[in-house]
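Student: Structure below; questions to follow.
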Amino acid sequence: MASTSNPDPELVRRMCEVIVHRGPDGAGFHSDEGVALGMRRLAIIDVATGDQPVYNEDKRIVAVFNGEIYNFGELREMLIAKGHRLRTAGDSECLVHLYEEFGEDLVHHLRGMFAFAIWDRDRRRLVLARDRVGKKPLYWRSDHSSIWFGSELKSLTRDPGMRREIDPVALDHYLTYQYVPAPWSIYQDVHKLPPGHVLVWEGGTVTVERYWELDRTQRSVVDPREEEQRLRELLLDATRVRMVSERPIGAFLSGGVDSSAVVAAMAMQSSNPVKTFCIGFEDSRYDERHKARMVADRYATDHHELVVTSNLLDILPRLAWHFDEPFADSSAIPSFYVAQLSRQHVTVALNGDGGDECFGGYQRYALMNQARRIPVVPRPLAGLLGRTGTLMSQRSASRSLSRRLGRLMTFVAAHPSQRYARLMSYFTPEQRSEIYSDSLQEALAGVDSYRLLEDIFHGSSAKTDLGRVLDVDTFTYLPGDLLVKVDITTMANSLEARSPFLDHHIMEWAATLPSALHVRNGQTKMLLKRAVAPWLPPQLLHYPKQGFGVPLAAWLRGELRELVFDALTDDTARGRGLFRPSAVQELLRRHMDGVDHSVRLWALLQFELWNRAHAAPDDTVVSGAGCHA
């Protein structure tokens, strides 16, 4: 924290103690007039001398840092050539010297994932920054004289002076998208620093500015084979720099194209067998172990598998504690278990995150690409079509054909930006209106959660709808859902995750490719699949995308039935005054009768479990999770 008065170093120590899982290998602190900094260390690079905080030569600049700077070798050479004296052999110390050279523009020189704080003692100036795509989290809050910040929201709640009042807009976004997007947090007084932004605090004044975004101006491509070769080169390089570690390293291997390509790139650049980790389910519809084994066999990896047969009643409270905000992506469960399995063998794990957002991997991209052929519906007719479709969707809950027809009518009537917002939503505006209490509806008067996505869609530099929705996902779904899920589940197990596809060199290069190299004729990830075809078993390229799904609907009708009824209908839940009890009961009844409302019930359940996990002053972790291999 920084303050115009005297900050509390003991508070900072408590803030660090509660996130010991992020850094079990040590702690570091600095305090002087105006600032108190602290950090927890997971030692991976420069294990012997890489402790933090780090200082410049006269200790007028001090920094703490979470993440990895992959180009630290080149940065060190450049700084030494400019006359700087570095006492360590790692990446952290580069930050203070880069700040001396470039000020807050130092972020443009960094290749990696990071959240850092730099204190300039002479100017009594604090600089906070987050990496381009949001791999590493950063929460903050400020009043007129002080600023508090941390990697997890639970650190900020150590301050007894912080109000824990739920932000109704954040709650509305959460139920729409299953996560709380930046810059909101679930609490009114706390913010997330968005990806690719720098925050400067000076004299009690906060300034936040964006420093990075993708340019989606498409370039002409003469020979796609040259692009395939260039992609292979970029992926090999991005993987190589992420294999630097003094601790054991491995990879998540789901059997999808992205993680398989990363494992292939690792194997081609490693003198030892790559350690790979895969999670499976007894339900074959959600089990991808057979695909992962194809890649593991091809590259003779040291392969490890785990079948999740956990008692969900044990793991859900633990996840609710680690996720400091309500989070409804149910794939957090297998993500936690693959991280837990991996940590038994390695400290660093590479993954395939970002491949879909860079190269057009989701089926919804193909749908949006095909929908561009739908002629614009005149406004009066669009309104009528949309209202009719909404009514059919709502009133035909037990008739799937009518419900699908209603959704199609609503989709056709909408502008492309709103079409995509509806595709990405889990509760539609109509469904949220049904369950919200009168007081919550009043608090949300005039709020339109779809505007979050629509504004990015309209502000994109892309000239195609496909490029615009790739922008939307890159700045919302990717950092708000996928990267939060991976950061929290890996850090809960003291494991570092690295993502070669999220190297900004790959992202910036991919953003300029013609849309037809991403999605064409209903086929997704065209260029990527062709580029990595020489690396992977042929049949792997033709499997439909499965995702990291779980049998959620069956769970809620089976082993979680009692929990979901108790949690959503007892006096505690009713007493919050946020949702209409009768509407929640109706959702439960419909789901148990066979209409799939699992994603909506899961979102409500996770919100309630989050409330209960973080209501106690000590935020006690409920531990225990049963699996067998």
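The values are calculated or read from the model by the stated rules, or taken from the named source; none is laboratory data. Note that the coordinates shown come from a computational prediction; the quantities given were computed from them, not determined experimentally. Every residue, glycine among them, receives a Cβ derived from its backbone with ideal geometry; neighbour counts consider all protein chains shown.
Student: Quick one: in the range 573-616, of everything that is more than 24 Å from Glu442 (Cα to Cα), assigned to a loop (DSSP other than H, G, I, E, B) and of a type in the set (D, E, K, R), which residue is farthest from the chain's Cα centre (by Cα)?
Tutor: Asp593
Student: While we're here: All but one of (1) part of a helix (DSSP H, G or I); (2) of a type outside the set (Lys, Arg); (3) over 19 Å from Arg22 (Cβ atoms) hold for Leu513, so report the exception by its number.
Tutor: Here Leu513 clears every test but (1).
Yes/no matrix, rows are residues, columns are (1) under 24 Å from Pro181 (Cα atoms); (2) touching a Cys at 6+ places or on another chain (Cβ under 8 Å); (3) of a type in the set (Lys, Arg):
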| site | (1), (2), (3) |
| --- | --- |
| Ile61 | no, no, no |
| Val96 | no, no, no |
| Phe116 | yes, no, no |
| Arg124 | no, no, yes |
| Val133 | yes, no, no |
| Arg141 | yes, no, yes |
| Ile147 | yes, no, no |
| Met162 | yes, no, no |
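Student: Follow-up. Does Val241 count as in contact with a His (Cβ under 9 Å, 6 or more places away or on another chain) and either of a type outside the set (D, E, K, R) or surrounded by fewer than 15 Cβ atoms within 10 Å (Cβ to Cβ) (or both)?
Tutor: No, not satisfied.
Student: I would also like to ask the following. Kindly establish whether Lys485 is more than 16 Å from Gly361 (Cα to Cα) and assigned to a helix (DSSP H, G or I).
Tutor: yes
Student: All but one of (1) of a type in the set (Asp, Glu); (2) touching an Asp or Glu at 6+ places or on another chain (Cβ under 8 Å); (3) farther than 19 Å from Trp212 by Cβ hold for Glu68; state the number of the condition that does not hold.
Tutor: (3)
Student: Return yes or no: is Ala567 at pLDDT 95 or above, closer than 29 Å to Gly355 by Cα and crowded, with 20+ Cβ neighbours inside 10 Å?
Tutor: No: the conditions fail for Ala567.
Student: Kindly indicate whether any position in the range 52-68 is touching a residue at least 40 places away in the same chain (Cβ under 8 Å), closer than 26 Å to Tyr139 by Cβ and among the aromatic types (Phe, Trp, Tyr).
Tutor: Within the range 52-68, one or more residues are touching a residue at least 40 places away in the same chain (Cβ under 8 Å), closer than 26 Å to Tyr139 by Cβ and among the aromatic types (Phe, Trp, Tyr).
Student: Next question, about the same structure. Run Arg216 past the list (1) part of a loop (DSSP other than H, G, I, E, B); (2) surrounded by fewer than 19 Cβ atoms within 10 Å (Cβ to Cβ); (3) of a type outside the set (Phe, Trp, Tyr); (4) not assigned by TED's automatic domain parsing to the domain that holds Leu106 and report the number of the one that doesn't hold.
Tutor: So Arg216 meets the others, but not (2).
Student: How do the strands (runs of 3 or more DSSP E) wholly within the range 247-328 filter down when requiring 2 or more residues that are small (Gly, Ala, Ser) and within 26 Å of the chain's Cα centre (by Cα): which remain?
Tutor: 249-252
Student: Further, regarding this structure: Suppose we keep only residues that are among the aliphatic types (A, V, I, L, M) and under 20 Å from Asp473 (Cβ atoms) within the range 316-367. Which one would you say is modelled with the lowest pLDDT?
Tutor: Leu367
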